[in-house]
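The values are calculated or read from the model by the stated rules, or taken from the named source; none is laboratory data. Quick caveat: nothing in here was measured; it's all calculated off a predicted structure. FYI the Cβ positions are ideal-geometry reconstructions off the backbone, even for glycines, and counts take in every protein chain you see.
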């Protein structure tokens, strides 16, 4: 039966008056994406010594100042695009396709550049080369005599810590080995594989958002973030290979297929260890099946290397955790713990002990249960990772990449701020003595904690305000 016209003053009419048309928002996003593409191209050409536009876009003052300039211009555009993406409701399919198309374009632009912010990817190629030769990267450091026949002029001179055995877990080693077998000694091919995994992460995040009945436009929080684009398409960090398994874990967990969720989580933790932080939040709500599956996958992957490496299967990790010089961008809790540890002969061990105790304390605390299950789990994961950030001795910018998909599920101003501010830590490499300036640490961490501290009171005030506004309306006689 046909319906009559909507009465004036309804909510739908009010929304139409106060919100820009969907087409206008789409055009704004397209404009922001186009300007962002220009900035990514500017940085890509600047790494090759070709100034694209303004003179200060060149690398004449070094790569890191130029990177920070481009990063924060892009981050500002990103925040505006996030605002548009979050407010978009109509024509969501067109908006999502637009966001994904630009995500691919951003990554394609940086894919063909040489890594200039980090040299980790050369170690990935080297580990693949060592395994292809039938040897274990856990057993020999690159400068060991046993590997002298593998050294070359393209990869070996760019390795960091050539005196140390590999630190990367066995899941990562299997991926290095497979990618190297597909195309040996190719940094670009490895970056391409990482970008392919990264695009899979975007698709899985869209699927998860649909499962949760959340707007798919929220994928922009990850897909357009300059941190993800610079660190994965630009530098080719290992997180790109890990993130699809993390998203698969959440997809399976949402479907209540706990065994497969555990397998996916085990694979993620075997590629990069810190996704194990998810275990307390997920196991608390579903039991031990997930934990058993994850532990089995990690154990089996380590066993595959025990035959060749024996007790050295942990590689450089034990020395990394015990070396007081292995610190970067430490959080405030880590600085305090390290200072207390300096009173003993084992400052790093004391600091990591404090980190472990802090994570355990947060893991066993009581949690509220009134929220939706996955939302509550994500909130606990963010709290656990916040504890990690506070007390960890090393927080590289790319460590925050795995938080970005979680923000699409549960937006957080404090984490959104830190995901942008973390790039400030690169100023350490502009210092002659590689010291982190005090102002950089304060600018990075202080607003993060202030935003986290006031998040709950602000949310409570919003709820009270909504209730007060709603009371007269609810009591009005129609």
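Can you name the residue in the stretch 353-367 that is at pLDDT below 85 and touching a helix residue (DSSP H, G or I) at 6+ places or on another chain (Cβ under 7 Å) and is also farthest from residue 282 (Cα to Cα) among such residues?
367
Return a yes/no flag: does the stretch 358-370 have any residue that is within 30 Å of residue 197 (Cα to Cα), within 21 Å of the chain's Cα centre (by Cα) and surrounded by 14 or more Cβ atoms within 10 Å (Cβ to Cβ).
Initially, the stretch 358-370 is screened for residues within 30 Å of residue 197 (Cα to Cα), giving 359.
Then keep just the ones that are within 21 Å of the chain's Cα centre (by Cα); that gives 359.
Add one more test, that the residue is surrounded by 14 or more Cβ atoms within 10 Å (Cβ to Cβ), and what stays is 359.
Yes, some residue in the stretch 358-370 is within 30 Å of residue 197 (Cα to Cα), within 21 Å of the chain's Cα centre (by Cα) and surrounded by 14 or more Cβ atoms within 10 Å (Cβ to Cβ).
Scan 206, 194 and give me the residue that is assigned to a helix (DSSP H, G or I) and either without any contact (Cβ under 8 Å) to a residue 40 or more places away in the chain or surrounded by 23 or more Cβ atoms within 10 Å (Cβ to Cβ) (or both).
194
Failed condition for residue 425, given (1) surrounded by fewer than 20 Cβ atoms within 10 Å (Cβ to Cβ); (2) out of contact with any strand residue (DSSP E or B) (no Cβ under 8 Å at 6 or more places or on another chain); (3) modelled with pLDDT of 90 or more, with all others met?
Residue 425 satisfies all of (1) surrounded by fewer than 20 Cβ atoms within 10 Å (Cβ to Cβ); (2) out of contact with any strand residue (DSSP E or B) (no Cβ under 8 Å at 6 or more places or on another chain); (3) modelled with pLDDT of 90 or more except (2).
Six or more apart or on different chains, Cβ under 8 Å: which pairs go from a residue in the stretch 409-433 that's without any contact (Cβ under 8 Å) to a residue 60 or more places away in the chain and on the phi < 0 side of the Ramachandran plot to one that's assigned to a loop (DSSP other than H, G, I, E, B) and surrounded by fewer than 19 Cβ atoms within 10 Å (Cβ to Cβ)? Could you list them?
431/437
Within the group 162, 142, 137, which residue is assigned to a loop (DSSP other than H, G, I, E, B), free of Cβ contacts under 8 Å to residues at least 24 places away in the same chain and crowded, with 23+ Cβ neighbours inside 10 Å?
Just a single option satisfies the conditions, and that option is 142.
Determine which single condition residue 341 fails, assuming it passes every other condition in (1) farther than 19 Å from residue 280 by Cα; (2) in contact (Cβ under 8 Å) with a residue 24 or more places away in the chain; (3) buried (at least 18 other Cβ atoms within 10 Å of the Cβ).
All conditions are met except number (2).
Consider residue 217 against the criteria (1) touching a helix residue (DSSP H, G or I) at 6+ places or on another chain (Cβ under 7 Å); (2) more than 21 Å from residue 304 (Cβ to Cβ); (3) surrounded by fewer than 20 Cβ atoms within 10 Å (Cβ to Cβ): it satisfies all of them except one. Which criterion is unmet?
Residue 217 satisfies all of (1) touching a helix residue (DSSP H, G or I) at 6+ places or on another chain (Cβ under 7 Å); (2) more than 21 Å from residue 304 (Cβ to Cβ); (3) surrounded by fewer than 20 Cβ atoms within 10 Å (Cβ to Cβ) except (3).
Could you count how many residues in the stretch 120-134 are surrounded by fewer than 23 Cβ atoms within 10 Å (Cβ to Cβ) and free of Cβ contacts under 8 Å to residues at least 40 places away in the same chain?
2
Check the stretch 250-266 and report whether any residue there is assigned to a helix (DSSP H, G or I) and under 30 Å from residue 114 (Cα atoms).
The answer is no, given that none of the residues of the stretch 250-266 is assigned to a helix (DSSP H, G or I) and under 30 Å from residue 114 (Cα atoms).
Being surrounded by fewer than 17 Cβ atoms within 10 Å (Cβ to Cβ), under 21 Å from residue 422 (Cβ atoms) and at pLDDT 75 or above, is that true of even one residue in the stretch 53-65?
Yes, the conditions are met somewhere in the stretch 53-65.
Report yes if residue 236 is under 24 Å from the mean Cα position of the chain (by Cα), closer than 30 Å to residue 71 by Cβ and either at pLDDT below 95 or not in a helix (DSSP H, G or I) (or both), otherwise no. Break it down into steps so the answer makes sense when it comes.
Numbers: under 24 Å from the mean Cα position of the chain (by Cα): yes; closer than 30 Å to residue 71 by Cβ: yes; either at pLDDT below 95 or not in a helix (DSSP H, G or I) (or both): yes.
Yes.
Could you list all residues from the stretch 293-326 that are in contact with a helix residue (DSSP H, G or I) (Cβ under 8 Å, 6 or more places away or on another chain) and within 20 Å of residue 346 (Cα to Cα)?
Across the stretch 293-326, the qualifying residues are 321, 322, 323, 324, 326.
Restricting attention to the stretch 231-284, and to residues there that are within 24 Å of residue 387 (Cβ to Cβ) and free of Cβ contacts under 8 Å to residues at least 24 places away in the same chain, which single residue is surrounded by the fewest Cβ atoms within 10 Å (Cβ to Cβ)?
Filtering the stretch 231-284 for residues that are within 24 Å of residue 387 (Cβ to Cβ) and free of Cβ contacts under 8 Å to residues at least 24 places away in the same chain, the one surrounded by the fewest Cβ atoms within 10 Å (Cβ to Cβ) comes out as 276.
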